[in-house]
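Written below as C-alpha coordinates is the structure these notes are about.
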Amino acid sequence: VKKIGLLTSGGDAPGMNAAIRAVVRTCVYHNIECIGIYRGYQGMIEGDFETMDARSVNNIINRGGTILKSARSSEFRTKEGRQKAYQHLKNAGVDAFVVIGGDGSFTGAMIFNEEFDFPVMGIPGTIDNDIYGTTFTLGYDTALNTVVEAIDKIRDTASSHNRLFFVEVMGRDAGDIALNAGIGAGAEEILIPEEDLGLERLLESLESSRKRGKTSSIVVVAEGDKTAGKSVFELKEYVNENLPDYDVRVSVLGHMQRGGSPSCYDRVLASRMGVKAVETLLDGKSTYMVGVACDKMILTPLEDAVKGKSEIDQELLRVSDIVTI
Ligand code: F6P
(Lines give C-alpha, C1' and ligand atoms only; values in the text may rest on other atoms or scores of the structure.)
Protein backbone atom coordinates (compact mmCIF):
# COMPACT_ATOMS: atom_id res chain seq x y z
CA VAL A 1 0.00 0.00 0.00
CA LYS A 2 1.48 3.32 -1.10
CA LYS A 3 -1.47 5.73 -1.18
CA ILE A 4 -4.39 5.63 1.23
CA GLY A 5 -7.73 7.36 0.62
CA LEU A 6 -9.58 8.70 3.64
CA LEU A 7 -13.25 9.62 4.00
CA THR A 8 -15.86 10.35 6.64
CA SER A 9 -19.31 9.01 5.86
CA GLY A 10 -22.82 8.99 7.34
CA GLY A 11 -23.76 11.12 10.36
CA ASP A 12 -20.81 13.14 11.65
CA ALA A 13 -19.49 12.62 15.19
CA PRO A 14 -17.10 14.53 17.47
CA GLY A 15 -13.65 12.97 17.20
CA MET A 16 -13.81 12.43 13.43
CA ASN A 17 -11.33 15.28 12.90
CA ALA A 18 -8.97 13.80 15.49
CA ALA A 19 -9.15 10.48 13.60
CA ILE A 20 -8.48 12.24 10.27
CA ARG A 21 -5.43 13.87 11.84
CA ALA A 22 -4.17 10.51 13.15
CA VAL A 23 -4.65 8.71 9.81
CA VAL A 24 -2.88 11.47 7.86
CA ARG A 25 0.04 11.66 10.27
CA THR A 26 0.43 7.87 10.44
CA CYS A 27 0.72 7.89 6.65
CA VAL A 28 3.37 10.63 6.85
CA TYR A 29 5.19 8.68 9.59
CA HIS A 30 5.36 5.59 7.32
CA ASN A 31 6.25 7.62 4.21
CA ILE A 32 3.10 6.90 2.28
CA GLU A 33 0.63 9.31 0.72
CA CYS A 34 -2.80 10.19 2.03
CA ILE A 35 -5.64 11.47 -0.16
CA GLY A 36 -8.59 13.15 1.52
CA ILE A 37 -11.93 12.30 -0.10
CA TYR A 38 -14.61 14.96 0.43
CA ARG A 39 -18.31 14.30 1.18
CA GLY A 40 -18.00 10.59 1.82
CA TYR A 41 -18.76 8.11 -0.95
CA GLN A 42 -20.42 10.85 -3.02
CA GLY A 43 -17.07 12.66 -3.25
CA MET A 44 -15.43 9.35 -4.18
CA ILE A 45 -17.88 8.98 -7.08
CA GLU A 46 -17.14 12.54 -8.20
CA GLY A 47 -13.36 12.39 -7.68
CA ASP A 48 -13.45 15.19 -5.11
CA PHE A 49 -9.97 14.45 -3.74
CA GLU A 50 -7.17 16.44 -2.13
CA THR A 51 -3.67 15.39 -1.13
CA MET A 52 -3.15 15.76 2.62
CA ASP A 53 0.05 16.20 4.57
CA ALA A 54 0.95 16.62 8.23
CA ARG A 55 0.18 20.36 8.03
CA SER A 56 -3.27 19.95 6.45
CA VAL A 57 -4.49 18.59 9.77
CA ASN A 58 -3.07 21.29 12.03
CA ASN A 59 -5.41 22.57 14.75
CA ILE A 60 -8.26 20.17 14.12
CA ILE A 61 -7.93 17.74 17.04
CA ASN A 62 -10.24 19.95 19.11
CA ARG A 63 -12.84 20.63 16.41
CA GLY A 64 -16.24 18.96 16.14
CA GLY A 65 -17.68 17.89 12.77
CA THR A 66 -15.41 16.71 9.97
CA ILE A 67 -13.16 18.84 7.76
CA LEU A 68 -13.67 16.26 4.99
CA LYS A 69 -17.47 16.80 5.21
CA SER A 70 -19.86 13.90 5.26
CA ALA A 71 -22.79 12.61 3.24
CA ARG A 72 -25.08 9.63 2.84
CA SER A 73 -24.71 8.64 -0.84
CA SER A 74 -27.54 6.78 -2.54
CA GLU A 75 -25.51 6.59 -5.78
CA PHE A 76 -22.84 4.48 -4.04
CA ARG A 77 -25.54 1.85 -3.47
CA THR A 78 -25.59 1.28 -7.23
CA LYS A 79 -23.03 -0.74 -9.18
CA GLU A 80 -22.57 2.18 -11.63
CA GLY A 81 -21.82 4.57 -8.77
CA ARG A 82 -19.23 2.22 -7.26
CA GLN A 83 -17.65 1.69 -10.69
CA LYS A 84 -17.20 5.48 -11.08
CA ALA A 85 -15.69 5.66 -7.59
CA TYR A 86 -13.26 2.85 -8.40
CA GLN A 87 -12.16 4.58 -11.60
CA HIS A 88 -11.43 7.83 -9.71
CA LEU A 89 -9.43 5.98 -7.05
CA LYS A 90 -7.44 4.14 -9.73
CA ASN A 91 -6.74 7.36 -11.68
CA ALA A 92 -5.47 8.99 -8.48
CA GLY A 93 -3.29 5.95 -7.68
CA VAL A 94 -5.12 5.25 -4.43
CA ASP A 95 -4.67 1.60 -3.47
CA ALA A 96 -6.63 1.34 -0.19
CA PHE A 97 -9.06 3.43 1.81
CA VAL A 98 -10.04 4.10 5.42
CA VAL A 99 -13.65 5.01 6.07
CA ILE A 100 -14.73 6.66 9.30
CA GLY A 101 -18.44 6.08 9.81
CA GLY A 102 -21.18 3.73 10.96
CA ASP A 103 -22.59 0.42 9.79
CA GLY A 104 -24.06 1.79 6.53
CA SER A 105 -20.61 3.12 5.59
CA PHE A 106 -19.03 -0.25 6.46
CA THR A 107 -21.56 -2.12 4.33
CA GLY A 108 -20.57 0.11 1.39
CA ALA A 109 -16.88 -0.60 2.03
CA MET A 110 -17.46 -4.34 2.21
CA ILE A 111 -19.36 -4.47 -1.07
CA PHE A 112 -16.67 -2.31 -2.72
CA ASN A 113 -13.96 -4.64 -1.43
CA GLU A 114 -15.78 -7.71 -2.78
CA GLU A 115 -16.39 -6.15 -6.20
CA PHE A 116 -12.93 -4.68 -6.84
CA ASP A 117 -10.70 -6.62 -4.43
CA PHE A 118 -9.81 -3.23 -2.98
CA PRO A 119 -8.29 -3.05 0.54
CA VAL A 120 -10.50 -1.16 3.03
CA MET A 121 -10.49 -0.44 6.77
CA GLY A 122 -13.23 0.95 9.01
CA ILE A 123 -13.07 3.29 11.98
CA PRO A 124 -16.36 3.37 13.95
CA GLY A 125 -17.48 6.99 14.13
CA THR A 126 -21.02 7.56 15.40
CA ILE A 127 -22.52 9.02 18.54
CA ASP A 128 -24.94 6.07 18.75
CA ASN A 129 -22.46 3.47 20.07
CA ASP A 130 -24.39 0.85 18.15
CA ILE A 131 -21.57 -1.04 16.45
CA TYR A 132 -20.57 -4.59 17.24
CA GLY A 133 -16.84 -5.12 17.82
CA THR A 134 -16.03 -2.06 19.90
CA THR A 135 -17.01 -1.04 23.41
CA PHE A 136 -17.01 2.61 22.35
CA THR A 137 -17.55 4.34 19.03
CA LEU A 138 -15.96 7.71 18.29
CA GLY A 139 -18.14 10.61 19.40
CA TYR A 140 -20.21 8.66 21.89
CA ASP A 141 -18.37 9.90 24.98
CA THR A 142 -18.63 13.52 23.83
CA ALA A 143 -22.34 13.13 23.04
CA LEU A 144 -22.93 11.67 26.51
CA ASN A 145 -21.30 14.69 28.12
CA THR A 146 -23.31 17.05 25.92
CA VAL A 147 -26.56 15.29 26.85
CA VAL A 148 -25.77 15.26 30.57
CA GLU A 149 -24.98 18.97 30.47
CA ALA A 150 -28.27 19.69 28.67
CA ILE A 151 -30.31 17.58 31.11
CA ASP A 152 -28.66 19.31 34.08
CA LYS A 153 -30.00 22.57 32.68
CA ILE A 154 -33.45 21.13 32.07
CA ARG A 155 -33.45 19.86 35.65
CA ASP A 156 -32.98 23.43 36.93
CA THR A 157 -36.14 24.62 35.23
CA ALA A 158 -38.04 21.35 35.90
CA SER A 159 -37.35 21.72 39.58
CA SER A 160 -38.28 25.43 39.71
CA HIS A 161 -41.71 24.68 38.20
CA ASN A 162 -42.32 21.22 39.71
CA ARG A 163 -42.53 19.81 36.21
CA LEU A 164 -42.09 16.47 34.54
CA PHE A 165 -39.86 16.58 31.45
CA PHE A 166 -39.59 13.96 28.76
CA VAL A 167 -36.16 14.48 27.20
CA GLU A 168 -35.68 12.73 23.86
CA VAL A 169 -32.10 11.84 22.97
CA MET A 170 -30.55 10.39 19.79
CA GLY A 171 -29.21 6.87 19.29
CA ARG A 172 -31.19 5.59 16.29
CA ASP A 173 -32.25 2.03 17.34
CA ALA A 174 -29.87 1.86 20.32
CA GLY A 175 -30.50 2.96 23.90
CA ASP A 176 -26.85 3.49 24.90
CA ILE A 177 -26.99 7.29 24.95
CA ALA A 178 -30.28 7.30 26.86
CA LEU A 179 -29.20 4.72 29.42
CA ASN A 180 -25.77 6.15 30.19
CA ALA A 181 -26.71 9.82 30.04
CA GLY A 182 -29.87 9.03 32.00
CA ILE A 183 -27.87 7.46 34.81
CA GLY A 184 -25.29 10.25 34.63
CA ALA A 185 -27.92 12.96 34.83
CA GLY A 186 -29.91 11.21 37.56
CA ALA A 187 -33.07 10.68 35.49
CA GLU A 188 -36.09 9.26 37.29
CA GLU A 189 -36.92 6.93 34.42
CA ILE A 190 -35.12 5.85 31.24
CA LEU A 191 -36.98 4.47 28.22
CA ILE A 192 -34.93 2.55 25.67
CA PRO A 193 -35.75 0.37 22.65
CA GLU A 194 -34.06 -2.67 24.19
CA GLU A 195 -36.77 -3.06 26.85
CA ASP A 196 -40.40 -1.99 26.81
CA LEU A 197 -41.49 -1.47 30.40
CA GLY A 198 -45.01 -0.57 29.32
CA LEU A 199 -47.21 2.41 30.12
CA GLU A 200 -48.53 1.07 33.44
CA ARG A 201 -45.04 0.77 34.83
CA LEU A 202 -44.25 4.34 33.70
CA LEU A 203 -47.27 5.75 35.52
CA GLU A 204 -46.53 3.67 38.63
CA SER A 205 -42.95 4.84 38.66
CA LEU A 206 -43.92 8.52 38.29
CA GLU A 207 -46.52 8.26 41.05
CA SER A 208 -44.27 6.41 43.41
CA SER A 209 -41.46 8.92 42.92
CA ARG A 210 -43.92 11.70 43.77
CA LYS A 211 -45.04 9.79 46.89
CA ARG A 212 -41.42 9.55 47.93
CA GLY A 213 -41.25 13.33 47.88
CA LYS A 214 -39.90 14.18 44.43
CA THR A 215 -41.52 17.28 43.04
CA SER A 216 -40.04 17.19 39.54
CA SER A 217 -38.97 14.39 37.25
CA ILE A 218 -36.82 13.77 34.22
CA VAL A 219 -37.66 10.88 31.93
CA VAL A 220 -34.99 10.26 29.30
CA VAL A 221 -36.42 8.69 26.14
CA ALA A 222 -34.24 7.17 23.43
CA GLU A 223 -35.42 8.25 19.97
CA GLY A 224 -35.75 4.56 19.02
CA ASP A 225 -37.91 3.77 22.04
CA LYS A 226 -41.48 2.75 21.31
CA THR A 227 -43.01 2.27 24.75
CA ALA A 228 -46.41 0.84 23.79
CA GLY A 229 -45.72 2.13 20.27
CA LYS A 230 -45.87 5.77 21.38
CA SER A 231 -43.71 8.72 20.39
CA VAL A 232 -42.40 11.07 23.06
CA PHE A 233 -45.24 13.52 22.32
CA GLU A 234 -47.83 10.74 22.63
CA LEU A 235 -46.27 9.74 25.94
CA LYS A 236 -46.77 13.31 27.14
CA GLU A 237 -50.46 13.16 26.10
CA TYR A 238 -50.87 9.83 27.84
CA VAL A 239 -49.43 11.14 31.10
CA ASN A 240 -51.53 14.31 30.78
CA GLU A 241 -54.67 12.20 30.52
CA ASN A 242 -53.81 9.76 33.28
CA LEU A 243 -52.02 12.00 35.76
CA PRO A 244 -53.80 15.34 35.17
CA ASP A 245 -52.11 17.15 38.02
CA TYR A 246 -48.66 16.70 36.40
CA ASP A 247 -47.30 19.64 34.43
CA VAL A 248 -45.51 17.92 31.54
CA ARG A 249 -43.11 19.26 28.92
CA VAL A 250 -41.11 17.63 26.11
CA SER A 251 -37.60 18.58 25.09
CA VAL A 252 -36.07 16.98 21.99
CA LEU A 253 -32.32 17.57 22.11
CA GLY A 254 -31.75 16.84 18.40
CA HIS A 255 -28.59 17.54 16.42
CA MET A 256 -26.82 19.57 19.09
CA GLN A 257 -25.84 16.11 20.39
CA ARG A 258 -23.65 15.61 17.33
CA GLY A 259 -21.71 18.84 17.65
CA GLY A 260 -19.07 20.30 19.92
CA SER A 261 -15.43 19.85 20.72
CA PRO A 262 -14.56 16.17 21.33
CA SER A 263 -13.84 14.99 24.87
CA CYS A 264 -10.30 13.95 25.78
CA TYR A 265 -11.44 10.31 25.68
CA ASP A 266 -12.69 10.67 22.10
CA ARG A 267 -9.51 12.46 21.00
CA VAL A 268 -7.28 9.73 22.41
CA LEU A 269 -9.51 6.96 21.04
CA ALA A 270 -9.51 8.65 17.61
CA SER A 271 -5.71 8.87 17.66
CA ARG A 272 -5.34 5.20 18.58
CA MET A 273 -7.88 4.08 15.99
CA GLY A 274 -6.28 6.16 13.24
CA VAL A 275 -2.82 4.69 13.87
CA LYS A 276 -4.21 1.15 14.09
CA ALA A 277 -6.24 1.47 10.87
CA VAL A 278 -3.28 2.59 8.75
CA GLU A 279 -0.81 0.13 10.30
CA THR A 280 -3.24 -2.75 9.76
CA LEU A 281 -3.41 -1.90 6.05
CA LEU A 282 0.38 -1.67 5.94
CA ASP A 283 0.51 -5.17 7.50
CA GLY A 284 -1.31 -6.39 4.39
CA LYS A 285 -4.65 -6.91 6.13
CA SER A 286 -7.98 -5.60 4.86
CA THR A 287 -11.72 -5.46 5.53
CA TYR A 288 -11.48 -5.00 9.29
CA MET A 289 -12.89 -2.44 11.68
CA VAL A 290 -10.66 -1.19 14.46
CA GLY A 291 -12.24 -1.11 17.89
CA VAL A 292 -11.50 -0.95 21.58
CA ALA A 293 -12.20 -3.61 24.21
CA CYS A 294 -10.81 -3.66 27.76
CA ASP A 295 -8.82 -0.59 26.72
CA LYS A 296 -6.92 -2.54 24.05
CA MET A 297 -7.17 -1.95 20.30
CA ILE A 298 -8.82 -4.88 18.52
CA LEU A 299 -9.80 -5.81 14.96
CA THR A 300 -13.18 -7.19 13.92
CA PRO A 301 -13.96 -8.35 10.37
CA LEU A 302 -16.17 -5.68 8.78
CA GLU A 303 -18.82 -8.31 8.06
CA ASP A 304 -19.13 -9.15 11.78
CA ALA A 305 -19.17 -5.46 12.68
CA VAL A 306 -22.09 -4.96 10.30
CA LYS A 307 -24.04 -8.13 11.08
CA GLY A 308 -23.30 -8.50 14.81
CA LYS A 309 -25.58 -6.92 17.36
CA SER A 310 -24.16 -4.63 20.01
CA GLU A 311 -25.99 -5.54 23.22
CA ILE A 312 -27.17 -3.20 25.94
CA ASP A 313 -25.31 -3.65 29.23
CA GLN A 314 -27.58 -5.63 31.60
CA GLU A 315 -25.60 -4.56 34.66
CA LEU A 316 -26.24 -0.91 33.75
CA LEU A 317 -29.95 -1.58 33.40
CA ARG A 318 -29.97 -2.97 36.93
CA VAL A 319 -27.94 -0.04 38.25
CA SER A 320 -30.40 2.37 36.68
CA ASP A 321 -33.35 0.56 38.33
CA ILE A 322 -31.68 0.85 41.74
CA VAL A 323 -30.40 4.41 41.64
CA THR A 324 -33.56 5.97 40.22
CA ILE A 325 -35.64 5.04 43.31
O1 F6P B 1 -26.38 8.04 13.57
C2 F6P B 1 -26.27 9.29 14.15
C3 F6P B 1 -27.61 9.98 14.20
O4 F6P B 1 -27.43 11.26 14.78
C5 F6P B 1 -28.71 9.20 14.93
O6 F6P B 1 -28.59 9.31 16.33
C7 F6P B 1 -29.95 9.84 14.35
O8 F6P B 1 -31.03 8.93 14.38
C9 F6P B 1 -29.55 10.16 12.93
O10 F6P B 1 -28.13 10.17 12.90
C11 F6P B 1 -30.05 11.49 12.41
O12 F6P B 1 -29.74 11.57 11.08
P13 F6P B 1 -29.81 12.92 10.20
O14 F6P B 1 -28.61 13.75 10.56
O15 F6P B 1 -29.80 12.44 8.81
O16 F6P B 1 -31.07 13.62 10.62
Candidates ILE183, ILE190, ILE151, ILE177 - the one that is more than 27 Å from ASN242 (Cα to Cα) and either crowded, with 21+ Cβ neighbours inside 10 Å or under 19 Å from the mean Cα position of the chain (by Cα) (or both): ILE177
Residues of region 34-75 classified as within 16 Å of the ligand (Cβ to nearest atom) and either modelled with pLDDT of 95 or more or in contact with a helix residue (DSSP H, G or I) (Cβ under 6 Å, 6 or more places away or on another chain) (or both), total: 12
Listing of strands (runs of 3 or more DSSP E) fully contained in region 1-65 that carry 1 or more residues being basic (Lys, Arg): 3-8
Residue that is nearest to the ligand (Cβ to nearest atom) [pool: residues in region 7-17 that are buried (at least 24 other Cβ atoms within 10 Å of the Cβ) and among the small types (Gly, Ala, Ser)]: ALA13
Any hit, region 188-204, residues being among the basic types (Lys, Arg) and within 26 Å of THR134 (Cα to Cα): no
Checking VAL148 against (1) under 19 Å from ARG210 (Cα atoms); (2) at pLDDT 95 or above, the condition it does not meet: (1)
Answer from LEU206, LEU243, LEU197 - the residue that is more than 16 Å from the ligand (Cβ to nearest atom) and within 27 Å of the chain's Cα centre (by Cα): LEU197
Among the candidates VAL232, VAL250, residue that is hydrophobic (A, V, I, L, M, F, W, C) and within 16 Å of the ligand (Cβ to nearest atom): VAL232
Residue match in region 312-324 (condition: in contact with a His (Cβ under 8 Å, 6 or more places away or on another chain), away from the ligand (no atom under 16 Å from the Cβ) and at pLDDT below 95): no
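Okay, residues lined up against (1) more than 11 Å from the ligand (Cβ to nearest atom); (2) of a type outside the set (Asp, Glu):
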site	(1), (2)
VAL120	yes, yes
ILE123	yes, yes
ASP128	no, no
ILE131	no, yes
GLY139	no, yes
LEU144	yes, yes
ASP152	yes, no
THR157	yes, yes
PHE165	yes, yes
Filter pass, GLY101 being away from the ligand (no atom under 13 Å from the Cβ), closer than 15 Å to MET44 by Cα and touching a residue at least 60 places away in the same chain (Cβ under 8 Å): no
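The values are calculated or read from the model by the stated rules, or taken from the named source; none is laboratory data. In this text the structure is predicted, and so the values were computed from the model without any measurement. Don't worry about glycine lacking a Cβ; one is built from the backbone with ideal geometry, like all the others, and counts go over all protein chains shown.
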